[in-house]
Structures are given as C-alpha cells and as structure tokens.
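Please treat every number below as a calculation from the coordinates, not as lab data. Since we're looking at a predicted model, the values are computed, not measured. Counting neighbours? That spans all protein chains shown, and the Cβs are built from the backbone with ideal geometry, glycine included.
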C-alpha cells in the first residue's frame, strides 16, 4: 500500500467519522453514532472484509458505555469517538499489514484500549466546545437584537463546523497512531505466548463479562433475564448431551 492510498484512506475514514460523530449530540440524533452501528458502518465503507472483523469491537464498546448518559451538564467519555478511533486503527492495520500473523483478539484488545483513551480526548473537545457555545449563544442574542437573520442562521452551522473539524482531525490522527502502534506490538505475541494468552483471555472472558456487568446495571427487572439465562444454559447442556 503506497503513501497516496494511505492518505486517501485516512482522509475518508476521518471525514466519515466526523460526519457520524455529529449524530451523537449535535445533529439529527438518529442513533447512527452508537458504536454498535457506527463501527460496523465504518467497516462496511473501508474495511477489506466489509466490517466483519469489527463486530466484536462494536459490541464490547457498546456494552461498556451503556451506563453513559448525556444528561444536563454531564459529559461522559465519547463512546462514538472511542469506537471510531479503534475501528479506524484496525482498518489501517489491515491495510498496512494484510499478511499479519496476529490473531483477531491480539489486534482488537489493544485497539480497544487505545480507543477508550481517544474517547476521553473526544470528551475534552465536547467540554471545550460547550464553553464556546455559551459565547455563540451571546452572539445569537446580539444578532437577534439587531434583527440580523443572516448572522443568526450561520451561528448553528459554525458550531457544527467546529465540532466536525476537531473530531475529524482527532479521528484521522488517532486511527493512524493506533495502526502504527499495532504494527509495532503484534510481532511481540510470537515471542511471548503468555502475552498472547493474556490478550485472548481479555477478549473472550474479561471484557465481555465487564460489558455484561455494565449492561445488567441498566436492567430494572432482572428476574426475566435470570430465567432467560437459565433456559439458555439448559438448552446448551441438552445440545451437549445429544452430541
């Protein structure tokens, strides 16, 4: 993959992520920005396998952020940015190292952890822009007092443009950085079986359990869930006996 193709991919992923991130809070709010939708959508557009390798990332990030609620002045970590940054990093890694010997979890887990850090950067951007929006609201009041409808109509677009630009820049840079770090660390798994074992344990046991724990805290009535779980275990046991 040459530098020109990489640059075009970086631009495409960053722009697509910037557009998707607007849906989270500032525009439309059609739930496209939820990781369970946003991550596979980005994969469908840019991943060599159509996004199938990103479904684990989407599910885990969605579960981990189920307790995050945009309410009042509360600004939680940005799950959309976290998911898109991790997904973008994996997509870049797939393009940079198409013949990499690392297993899927060995790529997912570090990408997820780095994506969570980028989500905090997305939160910082939102806080900064919230403060800027106070100034924009003052400008809107002044424009309304002057009956300047043109200036008044441009103010919301100015706020959206700022958010889109900063999120696009953050996603482009962070996805490239995550991909480069993945390129550097994936050879370490061949040298350290214990590291590979730890990462696989995180991917298949600890992170899903943590995500399900977060999801359970959101349930008001847990008896139906317990009954469904027992039924699922019973059916699995029955299938095992039949084999």
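Worth a mention:
- Angle between the chain longest axis and helix 55-64 axis [Cα atoms, degrees, rounded to 10]: 70 degrees
- Rounded FRET efficiency, nearest 0.05, which uses the C-beta distance separating residue 28 from residue 66 and R0 of 30 Å: 0.90
- Counted over all Cα-Cα pairs of segment 65-169, pairs farther apart than 24 Å make up 44 percent.
- Rg [Å, one decimal], Dmax [Å, integer] - segment 1-139, C-alpha atoms: 15.7, 56
- Residues 125, 32, 61, 206, sorted so that the one with the fewest Cβ neighbours within 10 Å comes first: 206, 32, 125, 61
- Residue-span extension gain [residue 215 to residue 19] - 0.36 nm each, minus C-alpha spacing: 67.8 nm
- 0 to 90° range, to nearest 10: angle between helix 35-46 axis and the chain longest Cα axis: 90 degrees
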